[in-house]
Amino acid sequence: MTKRVLCLLLLLLAPSITIAQPSLSDQSLIRRDTYGVPHILAETEQAAAFAHGYATAEDHFALLARLFLRSRAQQASVFGESYVQEDLYMHRLGIHEVAEARFPSLPPLIRGILEGYAAGYNLYLSRHRDRAPKWATHISGVDVLANCRAIFLVDFFVINNNLWQKERPPVRGIGSNMWVIGKGRSASGKGILLANPHLPWKGPLIFQEVQITVPGKINVSGATLVGFPVVGIGFNDFLGWSHTINQRTPDTVYQLTLDPSDHSHYLYEGQSLSFGARSITIRVKRQSGLTTIHKTLLTSHYGPVFRLSGDKALALKSADLEDVDFLTQWNLMGKARSLQDFRAALNLQALPLFNIGYADRDGQIFYLFNGRIPQRPVGYNWDESVPGNTSATEWYALLPVAELPQLLNPQTGYIQNCNDPPWFVNLHEHPDPAIFSEGITKDTLGMRGEFSLQLLERIKEWDLDKVKRYKFDEHVIVAPRVKPQLIALIRNGPADEQMLSVAELLQQWDDRASVENRAALLFVRWWENYSRQAKPRFQIPWSPDDPLGTPRGLGDPKAAMATLNDTINQLQSKYGTVSPTWGEICRFRRGPVDLAIGGAPGCFRTIGYHSDPDGKAVAEFGDSYTLAVEFTTPPTAYSVLAYSESSDPASPHFTDQAKLFTKGDYKRAWFTEEDILANLERSYHPGQ
């Protein structure tokens, strides 16, 4: 009897016998380094996602649970009446509904990653049920996808039409810096990447650093937003990429005319079309108990209807409301081994926004003004509503990647972006706005971008140490543009001893918002006050003919002096002096940590503040995740997370990067197996 026949007989005689399959936990290993960064090693990508979901729950469970509740539009059922509008907004955008409907269309690999991530989160919840809120429930891969959609469509405000913005104000503190330096400027001839997103330090837009390794499949390291099962900004053995927020218009608001004889219809090309209707239910926690609100949401052939007034209605058409493939694209970007592979991944065109900067070990660099941007008819103001009763205003397709602004290997050897238009990614070589679609983006250059270009133009050869150092430059960029004129106004005014001492203080200032500076707070507070009142703010506005020298000069000298007096009085009243050190007032506070911090919203080292009850300015947004990597073999990488790896106050990694960050320093981003094992804090299977 052959072995094959014997095996068949055994299966027939003992049908209850099953072959044990290794669990996802057995197939994956979480290796935490000394800063708590999880370096995940797994046999399959689903097992890696399982470990990733578990590790994220370890570090950010309270936030994750709240985000999954939000994307299900269930916050009002737990937190009460004030969240009804938020739940309604989630329903109106179809955050969870589209995720559920489109989930089966995703590639099996991505579905497996989403389900694996959910299973890892669920395991953590099961093991820590006693510490979790009662409302926290198990999730599915659909919930993971829905949360990612919510972060894109709501928190990043992908839908950015002016009229839609009135439905929900944009999140404060979103921006970014990005450099890619190629063989024309790199001392080693290898590509160098600087990633520096600026996001809020609490809530849904915080980063987690992670490395995901499945031998033979993927080995990518970098940062991802909490709840995303893929790396969004990162690098592998061959290449890396970063993102900055870009200004684009992926959506249109159409003004509909209701049918005079039947307001359940609207007019289009002489026809009366029926609105679609979708019934939703929102449960609300009140003192009397749970109550239910029933709503009917209208839709048109354009998309959701969000405002009805008289005989008019407003409807939204967006390139992104049905988008679910962005995780597939990031997964492919992380697996790319060459520029050709990377650009092939970009052709999926699933990321709804972001400039993309690329560098690799061959010293090649690349830029793409990425996004899902409609091919619109010409002749309309797309920032406002357009007539919706005619097909003349309707768009049907997206601009292909080949028709988006991009730049490959400029001879000057650098590409940069600080949320500015693509026409300024390089001062000498850049996409020509004349050949791209009308109104594809804005045209002006911001001061961070000007400062970035000045640095890159001035320094002809770059190495990793220079990139790391200049990233944390604390110059207040506007100061040299207006400070000389402000000092002249003071000295030419009435002979006032205090004002003359202020002029001397400003004269001696080195224009930096560094912790030891005694003039920085006065200038920055004055500039904030002046900017709100001045008409115009600058004497000479920004000009494309002098992109790095404008704007400049004080446009409203009267407001400049009036607000200077107000600022002096405010500082004297609040702090007893006009010249406290910057670090005395501007603080990094997290748990028990209270440290001086340099940087301001107007610096390349971007830091935004709120006021605490004791009068201190406390950092709350700006530089979030900073990565500097050179594509040596293997890559040499440094990184720092402003708020550290964990949002759990009980974690040893809640504040351990604070001293590094406030001093403008980095930790090594360990990548090779040798380095991971040499800097290992703990190694374990999920659930152990």
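Out of curiosity, is ALA519 under 24 Å from LEU453 (Cα atoms) and small (Gly, Ala, Ser)? In short, no. Condition first: more than 26 Å from TRP241 (Cα to Cα) and either part of a loop (DSSP other than H, G, I, E, B) or free of Cβ contacts under 8 Å to residues at least 40 places away in the same chain (or both). Can you find one or more residues in the stretch 397-405 that meet it? For the stretch 397-405, residues more than 26 Å from TRP241 (Cα to Cα) and either part of a loop (DSSP other than H, G, I, E, B) or free of Cβ contacts under 8 Å to residues at least 40 places away in the same chain (or both): present.
Selection of the stretch 330-340 for residues being in contact (Cβ under 8 Å) with a residue 12 or more places away in the chain and part of a helix (DSSP H, G or I) yields TRP330, ASN331, LEU332, MET333, GLY334, LYS335, LEU339.
If only one of THR567, THR550 is closer than 25 Å to THR606 by Cβ, assigned to a helix (DSSP H, G or I) and of a type in the set (S, T, N, Q), which one is it? Within the list THR567, THR550, the selection yields THR567.
Contact map, the stretch 118-130: residues that are farther than 15 Å from GLN46 by Cα paired with residues that are small (Gly, Ala, Ser) and in a helix (DSSP H, G or I), Cβ distance under 9 Å, separation 6+ or inter-chain. Pairs shown: TYR124/GLY53; TYR124/ALA55; TYR124/ALA57; LEU125/ALA57; LEU125/ALA65; HIS128/ALA57. Restricting attention to the stretch 66-119, the residues that are of a type in the set (Ser, Thr, Tyr), surrounded by fewer than 19 Cβ atoms within 10 Å (Cβ to Cβ) and more than 27 Å from GLN329 (Cβ to Cβ) total 1. Within the stretch 550-580, the residues that satisfy the criterion of being buried (at least 16 other Cβ atoms within 10 Å of the Cβ) and farther than 19 Å from ASN529 by Cβ are THR550, ARG552. Taking the listed residues THR328, THR281, THR244, THR299, the one that is surrounded by fewer than 21 Cβ atoms within 10 Å (Cβ to Cβ), under 30 Å from ALA223 (Cα atoms) and β-branched (Val, Ile, Thr) is THR328, with no other qualifying. Looking across GLY222, GLY184, GLY227, one residue alone is at pLDDT 95 or above and out of contact with any Phe, Trp or Tyr (no Cβ under 7 Å at 6 or more places or on another chain). It is GLY227.
If you go through the stretch 374-394 and keep only what is more than 26 Å from the chain's Cα centre (by Cα), assigned to a loop (DSSP other than H, G, I, E, B) and surrounded by 18 or more Cβ atoms within 10 Å (Cβ to Cβ), you end up with ARG376, SER385, GLY388, GLU394. Cβ-Cβ contacts under 9 Å between residues 6 or more apart (or on different chains), taken from a first residue in the stretch 656-681 that is closer than 30 Å to ILE585 by Cα to a second residue that is surrounded by fewer than 14 Cβ atoms within 10 Å (Cβ to Cβ) and among the basic types (Lys, Arg), are listed as GLY664/ARG469; ASP665/LYS659.
Restricting the stretch 596-624 to residues that are of a type in the set (Phe, Trp, Tyr) and outside any loop (DSSP other than H, G, I, E, B) leaves a set whose member that is farthest from the chain's Cα centre (by Cα) is TYR609.
Here HIS428 meets the list (1) crowded, with 21+ Cβ neighbours inside 10 Å; (2) part of a loop (DSSP other than H, G, I, E, B) almost entirely, failing just condition (1).
For every residue, the table says whether it meets (1) under 30 Å from LEU109 (Cα atoms); (2) part of a helix (DSSP H, G or I).
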| position | (1), (2) |
| --- | --- |
| ILE280 | no, no |
| THR291 | no, no |
| LEU298 | no, no |
| LEU308 | no, no |
| LEU316 | no, no |
| VAL324 | yes, no |
| THR328 | yes, yes |
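Within the stretch 178-191, the residues that satisfy the criterion of being in a strand (DSSP E or B) and either of a type outside the set (Val, Ile, Thr) or farther than 17 Å from LEU368 by Cα (or both) are MET178, TRP179, SER186.
Yes/no per residue for (1) in contact with a Pro (Cβ under 7 Å, 6 or more places away or on another chain); (2) within 22 Å of GLY555 (Cβ to Cβ); (3) surrounded by 14 or more Cβ atoms within 10 Å (Cβ to Cβ):
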| position | (1), (2), (3) |
| --- | --- |
| ALA488 | no, yes, no |
| ASP496 | no, no, no |
| VAL502 | no, yes, yes |
| VAL515 | no, no, yes |
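Please work out if ALA315 is under 24 Å from ALA73 (Cβ atoms) and among the aliphatic types (A, V, I, L, M). Yes, satisfied.
The values are calculated or read from the model by the stated rules, or taken from the named source; none is laboratory data. Remember, it's a predicted structure, so these values are computed and weren't measured experimentally. Note: ideal-geometry Cβ built from the backbone for every residue, glycine included; neighbour counts use all protein chains shown.
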